[in-house]
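S.K.: Can you read through this structure? Questions will come right after.
The values are calculated or read from the model by the stated rules, or taken from the named source; none is laboratory data. Nothing here was measured: the structure is a model prediction, and the numbers come from that model. FYI the Cβ positions are ideal-geometry reconstructions off the backbone, even for glycines, and counts take in every protein chain you see. These area figures cover heavy atoms from the full protein model, side chains too; ligands, DNA and RNA do not enter into them. Shrake-Rupley method; radii C 1.70, N 1.55, O 1.52, S 1.80 Å.
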Amino acid sequence: MIHPIFIIVLILLIVLISALANAWIRKRVFSRTYSALMTRNYPLFFQEVDSKGMMSMFSEYVRDSLKLTAYMEQQDTKNVTETFNRMMKNRISDAQKGDLLIRGFRYYMVQKDPKKVRTITEKMEEVLSEEIAAKYRRHYDIIFGKSDAYIAELEKEVPLHQKRMKGYLQYLLARSYRNAGREKDCLPLLKEAAAEYHVTPGRLDETVQVL
């Protein structure tokens, strides 16, 4: 007769081996997909991300998140929008929704789509903290809303920061000056901001992200 303790140990050993094997397979499947994405081998990536292994081991949200990255890298706006909207309709946590909104904000800012950015900004105010949502609202108001209402606020903030953060605030202040018709004040600040980002002033719009 087999001792009960031996049976328990055997069951635990089987469970452990099964868990380790599953983790190894899961890691291998994901690594293959992620590697294709990182090397921009998109035909292989889309083949892997919709493979049986990925579909059986990873949620639709994870796979859609990877697809969204690929579409954004290719600037495939049609598929970005379809994937983004589908992910927003899924049952996801506020943290996941907040991360998704930030990704969308960054993408559509570069695409210069004020309507989409405005919609995302409004959604952010429902999900993100008041402080974080306010940063994105300010960015939208200045760049697409052509607001000059933040000039006094930004003039106080700029001297308090250094490096990339200072460059970001200088960019916002420069654009605010432009909105107010103060081009002579705008241009020197744009050059200073560009120096912090190590780009030309003309590339700031596509380089700057909310900080």
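S.K.: Residue 120 fails exactly one of the following numbered conditions: (1) closer than 24 Å to residue 61 by Cα; (2) out of contact with any Lys or Arg (no Cβ under 9 Å at 6 or more places or on another chain); (3) modelled with pLDDT under 95. What is the number of that condition?
M.R.: Looking at each condition in turn, residue 120 falls short on (3).
S.K.: Touching a residue at least 60 places away in the same chain (Cβ under 8 Å) and open to solvent by less than 20 Å² (accessible area, probe 1.4 Å), is that true of residue 136?
M.R.: yes
S.K.: If you go through the range 150-172 one residue at a time, do you hit one that is part of a helix (DSSP H, G or I), in contact (Cβ under 8 Å) with a residue 12 or more places away in the chain, open to solvent by 30 Å² or more (accessible area, probe 1.4 Å) and not charged (D, E, K, R)?
M.R.: The answer is yes; a qualifying residue exists.
S.K.: Looking at (1) under 12 Å from the mean Cα position of the chain (by Cα); (2) more than 17 Å from residue 127 (Cβ to Cβ), which is the one condition that is false for residue 104?
M.R.: (2)
S.K.: Which helices (runs of 4 or more DSSP H) sit wholly inside the range 28-133 and have at least 1 residues that are surrounded by 12 or more Cβ atoms within 10 Å (Cβ to Cβ) and of a type in the set (Asp, Glu)?
M.R.: Of the helices (runs of 4 or more DSSP H) lying wholly inside the range 28-133, those with at least 1 residues that are surrounded by 12 or more Cβ atoms within 10 Å (Cβ to Cβ) and of a type in the set (Asp, Glu) span 42-49, 60-73, 77-89, 94-110, 114-127.
S.K.: Go through (1) within 29 Å of residue 72 (Cβ to Cβ); (2) out of contact with any His (no Cβ under 6 Å at 6 or more places or on another chain) for residue 186 and report which single condition fails.
M.R.: Only one criterion is unmet by residue 186, namely (1).
S.K.: Let me ask another. Which one is farthest from residue 120 (Cα to Cα) among residues in the range 202-211 that are open to solvent by 60 Å² or more (accessible area, probe 1.4 Å) and outside any loop (DSSP other than H, G, I, E, B)?
M.R.: 202
S.K.: Where the second residue is β-branched (Val, Ile, Thr) and the first is on the phi < 0 side of the Ramachandran plot and lies in the range 86-101, which pairs have Cβ atoms under 6 Å and are six or more apart or on separate chains?
M.R.: 94/127; 97/127; 98/127; 101/120
S.K.: Give the residue, chosen from 15, 9, 62, 29, that is touching a helix residue (DSSP H, G or I) at 6+ places or on another chain (Cβ under 7 Å) and either of a type in the set (Val, Ile, Thr) or at pLDDT below 85 (or both).
M.R.: On the way: 15 fails: touching a helix residue (DSSP H, G or I) at 6+ places or on another chain (Cβ under 7 Å); 9 fails: touching a helix residue (DSSP H, G or I) at 6+ places or on another chain (Cβ under 7 Å); 62 fails: touching a helix residue (DSSP H, G or I) at 6+ places or on another chain (Cβ under 7 Å).
Unique residue meeting the criteria: 29.
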